[in-house]
1. Need pairs with beta-carbon distance below 7 Å; first residue closer than 17 Å to PHE143 by Cα and within segment 108-127, second modelled with pLDDT under 80 and among the aliphatic types (A, V, I, L, M); sequence gap 6+ or separate chains.
2. For segment 25-50, which residues satisfy the criterion of being part of a loop (DSSP other than H, G, I, E, B) and either under 11 Å from GLY78 (Cα atoms) or more than 12 Å from the chain's Cα centre (by Cα) (or both)?
3. Return a yes/no flag: does segment 72-88 have any residue that is within 18 Å of ILE177 (Cα to Cα), aromatic (Phe, Trp, Tyr) and modelled with pLDDT of 75 or more.
4. At pLDDT below 80, within 22 Å of LEU178 (Cα to Cα) and in contact with a helix residue (DSSP H, G or I) (Cβ under 9 Å, 6 or more places away or on another chain) - does that describe any residue in segment 33-48?
5. Name the single residue, out of those in segment 170-192 being free of Cβ contacts under 8 Å to residues at least 40 places away in the same chain and either in contact with a His (Cβ under 6 Å, 6 or more places away or on another chain) or not in a loop (DSSP other than H, G, I, E, B) (or both), that is nearest to GLY57 (Cα to Cα).
6. Criterion first (touching a residue at least 12 places away in the same chain (Cβ under 8 Å), in a helix (DSSP H, G or I), crowded, with 23+ Cβ neighbours inside 10 Å and more than 13 Å from the chain's Cα centre (by Cα)) does ILE22 satisfy it?
7. Say we look at segment 157-213 and pick out the residues that are modelled with pLDDT under 60 and among the small types (Gly, Ala, Ser); which of these is nearest to LYS47 (Cα to Cα)?
Amino acid sequence: MTLNWVCLFIAYAKTSIAVATITYHVQPFILVALGSVLFNETLTRYKLGWMVIAFSGVALIMLGGQQQDQDSGQYVYGVGFALAAAFFYAITAAITKALHGVSPCLMVFIQLGVGCLILLPVVSLPTAFSVSAVWGLLVVIGFVHTGLMSVLLYSAVQKTPTILVGGLAFIYPVVAILVDAWVLHRPLNGWQLTGTLIVLAAVAGINVRCRFFSQRQQR
């Protein structure tokens, strides 16, 4: 989980909140691929097709960044870190799936504790002019984004029907796009918007199909 956060925040810095978040949401497909390798789950042509479609959307997002005259090397670098973050999140999800009956607070506490120990040797303290403001923002990120959000997320996953979790997952990238455009004034261009819609459609396609068959098997 620590590598997931590190890669994701690097992606935010190198690209944008919207692009990094949308790219990060290819994680279901990475989880499917890991399932076929680690747990011998069947990788059907249907799932493989959606995976190809999703990554073609990521390719369009990368092309869109180059069209905006952004630093091509840094932009591709950022998208790559977003994909790496999705990979590490998929590994975390696969491990969490096996932790039945474990308290969400305990999972977050262990993850944050291990993360602190891992990052402590390489962490650098803020040296900016407004150090107090920087520390204030770091405390907010640590409490809200990492602590509170993680507890709420794990609690919701345990208590909410899977089909509803899959649907609510789309709120995250939509909010990221709106915040990036409204607050940071970085709207998506045509290529990026097209790639975003393709990725979201692919995620929706594989989620709806999986939930549909899961419900049929339970009947």
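The values are calculated or read from the model by the stated rules, or taken from the named source; none is laboratory data. This is a predicted model, so every value here is computed, not measured. Backbone-built Cβ (ideal geometry, glycine too); neighbour counts: all protein chains shown.
1. So the pair list comes out as VAL108/VAL151; GLN111/MET1; GLY115/MET1.
2. We begin by selecting, within segment 25-50, every residue part of a loop (DSSP other than H, G, I, E, B); these are 25-26, 39-44.
Answer for segment 25-50, where residues must be part of a loop (DSSP other than H, G, I, E, B) and either under 11 Å from GLY78 (Cα atoms) or more than 12 Å from the chain's Cα centre (by Cα) (or both): PHE39, ASN40, GLU41, THR42, LEU43, THR44.
3. Checking segment 72-88: at least one residue is within 18 Å of ILE177 (Cα to Cα), aromatic (Phe, Trp, Tyr) and modelled with pLDDT of 75 or more.
4. There is no residue in segment 33-48 that is at pLDDT below 80, within 22 Å of LEU178 (Cα to Cα) and in contact with a helix residue (DSSP H, G or I) (Cβ under 9 Å, 6 or more places away or on another chain).
5. VAL174
6. Values: touching a residue at least 12 places away in the same chain (Cβ under 8 Å): yes; in a helix (DSSP H, G or I): yes; crowded, with 23+ Cβ neighbours inside 10 Å: yes; more than 13 Å from the chain's Cα centre (by Cα): no.
No, not satisfied.
7. GLY166
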